[in-house]
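Comments concern the structure below.
Read the figures in this text as sums done on the coordinates, not as results from a lab. Note that the coordinates shown come from a computational prediction; the quantities given were computed from them, not determined experimentally. Every residue, glycine as well, gets a Cβ built from its backbone with ideal geometry; the counts of neighbours run over all protein chains shown.
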Protein chains: 2
Amino acid sequence: MTATLGSTPITAPGWTGKPRSGLALIDCDVHQIISKQEDLYPYLSRLYRERVEDQGMLLPGSGYFNVPKRAARSDLNTGCDANMADHNIHTIGSQYELLRSQHLDMWNVDYALLTGASVYPASVIPDPDFGAALCRAFNDWTMDTWASRDERFIVAISVSANDPQRAAEEIYRMAGHPQVRAIMLPTGSRMPYGNRFYHPIWQACAETGLVVGIHPGAEGAGMAGSPTGVGYPTYYIEVRMARPQMAMAHVVSFIAEGVFEKYPTLKLLVDECDQFWLVGLMWHMDADWKSLREQTPWVRRLPSEYVLEHVRVGSQPMLEPERREQFFQMLDAMHAERTLVYSSDWPHWDWDDPATTFPRMPEHLHQRVFSDNARELFGL
Amino acid sequence: MTATLGSTPITAPGWTGKPRSGLALIDCDVHQIISKQEDLYPYLSRLYRERVEDQGMLLPGSGYFNVPKRAARSDLNTGCDANMADHNIHTIGSQYELLRSQHLDMWNVDYALLTGASVYPASVIPDPDFGAALCRAFNDWTMDTWASRDERFIVAISVSANDPQRAAEEIYRMAGHPQVRAIMLPTGSRMPYGNRFYHPIWQACAETGLVVGIHPGAEGAGMAGSPTGVGYPTYYIEVRMARPQMAMAHVVSFIAEGVFEKYPTLKLLVDECDQFWLVGLMWHMDADWKSLREQTPWVRRLPSEYVLEHVRVGSQPMLEPERREQFFQMLDAMHAERTLVYSSDWPHWDWDDPATTFPRMPEHLHQRVFSDNARELFGL
């Protein structure tokens, strides 16, 4: 490869770049992406393959421009010029070798959670059978093309929330594979995910031990409503800023609907919605619960207790406080030693590398955030 | 009055209960509430009065139970038993004498912003003329029944966002009155308020010097969409938890749409949506703006700079951190010395009194939060 662009590991405070003892680094958000719709043809029934050939995948979009190169990192050493058309999220995100050499090997990643992305909008496609078929095809493609090639991969399978019963069937179909450790759903949805409509999905996850993942996607698209509680914003930056809002609504819903009482082993991972909203949410909801709990008597404990036991939050995009000590104040307030897991968001433009994103953390906290929290979450 | 219930001032750290030099206490959220729809009849045209007599005010609701007594404080000494049917938000919120004796005089309030509430849903009534007529009637009732009786009152007039031109007309009609210092809109809306649809309202506010107020109300009702970015939640506590989400969406929208560049003197007061979301919003949006500002080139400064210059946040409900020092860390991170104003939310059940809600603050910060920030905001 001709190195026209590229990055090399940066020696940041607190990061050695060398293997540590035990598990040192688990990345909870790595995207594998199909290069083209034809990748899924071998895994689709003839019926859907012919329809997709004729009319495309019909994945609903929300109509907001992203950054150039369809949101791909432009700093990667891919052998092609970053300005060329073939340097984009599809060519980059579909290459296992690139992920291996420029992420897994480079940073000594022990485990990487494959979180998909290509079929997130399947959850907001009107036809629940087609949505389920797209997820099933993508999962099979993922196992064949990615999981089987590297034992460092663990997989969050895609399911369509549009038909919880079909989603549960897909969970039972896939959960037996040792690399499958989670499901992944888009933030964009018709209802907050605690709603009883979705409980068959949570039941299947509880029974199989899969973590429930939520990741930005499909917001404002298809059957999902507007991406904010006050309608459709105008620009992409607003949709990004709506991610914590959607995360908050889902987490509040899981707690208020008693999902964690009904399924006491269920764990929730919220990726790529930033982090510090968790602080205000816990403080506010605890106070409100003290006054209002007669309305939701199945919520038997302080909401923050459910958060600390059941909810984990991905680190990317890691917020940048004005002053260094504020970073640690916020980590402390969110109980990062229990709630925060490292996520890179490979290979998107706003990814966070494990070395320079965080200031130097105490060894114990470093170990919790970069390894132990995720290890416990996924049973690694 | 027979004192069956009642509260007396509490001597809390940092609060003397005695007059200070200069303005000591400005309350930025006091509700005046009609006792019954007939209160507005003298201020409605015959056409609308007859319709309202026949079919009611048609104010859209969102279908979530609140606390008993229609969300009124039950600790007030009203002369009636708190368990009686006539102890509710309508009987309590419509009594000037009660507000005067048990709030304004009790706490030595220098100014109180009358924020209304009774006609917030006028903004999401389909018929824009009827919505505007309700607001106009409520404003006239407010001036006659409240503002004229106590010079400590300043008024946030109600306008309907449904027709920005008619809202602007109401602003120009009312802005000449020296007690009118703001408008008030509900959080519930069809679009984020930065949208260019609403700019005639902001232009009228900029030209007349009125502050733009936003307060929970009408979320999920009438023409407003769902109160979260992921659809309709199930329980009241979830709608309360959605308030910061809606506040975030509106503030982000004002900045991203360039409203503060277009109207450089415009000020925004966000009441009753809690506070600490402002911290993550500034940190996140500053970082995103650095990457994405080519998409919104009219946003010429760091988003946090617009926040610090243009956005003020009411203190109620004041979040309750786990530890005392976290309170001050958050106040510091949100630049409370510029952004935070005291709000009581009289006479709702979750009101915050000025003495016991806050821990003892340094004198300078106390003066900013309880007086100076609001004084500068409203030009008092």
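Ranked from shortest, the separations from the 7 Å Cα-to-Cβ label point of A:ASP150 to its equivalents in the other copies are 6.7 nm.
In nm, what is the difference between 0.36 nm times the number of residues separating A:LEU380 and A:THR356 and their Cα-Cα distance? Please report the intermediate quantities before stating the final value.
Working: separation 24, 0.36 × 24 = 8.64 nm, distance 2.54 nm.
Fully extending the segment from A:LEU380 to A:THR356 adds 6.1 nm.
Peptide packing: for A:203-210, A:155-162, the average count of neighbouring Cβ atoms within 10 Å per residue gives the ranking A:155-162, A:203-210, highest mean first.
Enter the Cα centre distance for the pair the stretch A:311-380 and the stretch A:139-181, rounded to the nearest angstrom. Computed from Cα coordinates, the inter-centre distance equals 25 Å.
Looking at the stretch B:26-378 alone, DSSP beta bridges between its own residues are antiparallel in about 10 percent of cases. Beta bridges assigned by DSSP with both partners in the stretch B:176-271 are antiparallel in approximately 10 percent of cases.
Let me know the charge dipole size of the stretch B:26-378 about its Cα centre in debye, to the nearest 20, where only the beta-carbon of Lys, Arg (+1) and Asp, Glu (-1) is charged.
Numbers: 31 positive and 47 negative charges, 130 e Å.
About 620 debye.
Taking A:ASP288, A:ASP140, A:ASP353 in turn, the Gaussian network model of chain A (Cα-Cα springs below 10 Å) assigns the largest fluctuation to A:ASP288. One Cα centroid belongs to the stretch A:195-258, the other to the stretch B:70-134; the line between them spans 35 Å. Placing a label point 7 Å from Cα along the Cα-to-Cβ direction at A:GLU53 gives distances to the equivalent points in the other copies of 7.3 nm, listed shortest first.
B:TRP346: net charge of surrounding residues, Cβ under 10 Å, Lys/Arg +1, Asp/Glu -1, itself excluded?
On the way: positive: B:ARG73; negative: B:ASP27, B:ASP29, B:ASP345, B:ASP352, B:ASP353.
In short, -4.
Which one, A:GLY61, A:VAL180, A:VAL159, projects farthest toward the positive side of the charge dipole computed for the stretch A:59-218 from Cβ point charges (K/R +1, D/E -1)? After comparing all options, I get A:GLY61.
Each of A:TYR306, A:TYR41 has some number of other Cβ atoms within 10 Å of its Cβ, and from fewest to most they run A:TYR41, A:TYR306.
Close amide H partners of B:ASP29, meaning residues 5 or more places away or on another chain with modelled amide H under 5 Å apart, are B:LEU113, B:SER344, B:ASP345.
Close amide H partners of B:VAL211, meaning residues 5 or more places away or on another chain with modelled amide H under 5 Å apart, are B:ALA182, B:ILE183. Of all DSSP-defined beta bridges confined to the protein assembly as shown, some 10% are antiparallel rather than parallel. For A:VAL313, the residues whose modelled amide H falls within less than 5 Å of its own, excluding neighbours fewer than 5 places apart on the same chain, are A:VAL270, A:LEU340, A:VAL341. Derived scalar couplings between HN and Hα for the stretch A:71-80 equal 6, 7, 4, 9, 8, 6, 7, 9, x, 10 Hz in order, rounded to whole Hz, by the Karplus curve 6.51 cos²θ - 1.76 cosθ + 1.60 (θ = phi - 60°), x for Gly and Pro. Positive end of the dipole of the stretch A:26-378 (Cβ unit charges, origin at the Cα centre): among A:TRP346, A:LEU134, A:LEU268, the Cα lying farthest that way belongs to A:LEU268. Placing +1 on the Cβ of every Lys and Arg and -1 on the Cβ of every Asp and Glu, with no other charges, gives the protein assembly as shown a dipole of roughly 140 debye about its Cα centre. Segment B:ARG196..B:SER101, full-extension length gain: 29.9 nm, with 0.36 nm per residue of separation and the alpha-carbon distance subtracted.
For the stretch A:352-359, putting each phi into the Karplus relation 6.51 cos²θ - 1.76 cosθ + 1.60 with θ = phi - 60° gives couplings of 10, 7, x, 9, 9, 6, 9, x Hz, in residue order, rounded to whole numbers and with x for Gly and Pro.
Within a Cβ distance under 13 Å of B:ARG73, other residues only, what is the Lys/Arg minus Asp/Glu net charge? It would help to have the intermediate numbers written out before the result.
On the way: positive: B:LYS69, B:ARG70; negative: B:ASP75, B:ASP345, B:ASP350, B:ASP352, B:ASP353.
Local charge sum for B:ARG73: -3.
Among complete DSSP H helices in chain B, those whose alpha-carbon atoms stretch at least 27 Å along the helix's long axis and whose mean Kyte-Doolittle hydropathy reaches -1.0 are B:236-256.
The spread of Cα positions in the stretch A:26-378, taken along each principal axis and listed from longest to shortest, comes to 56, 44, 43 Å. Across identical copies of the chain, B:GLY79 has label-point separations of 8.8 nm, listed in ascending order, with the point defined 7 angstrom from Cα along Cα→Cβ.
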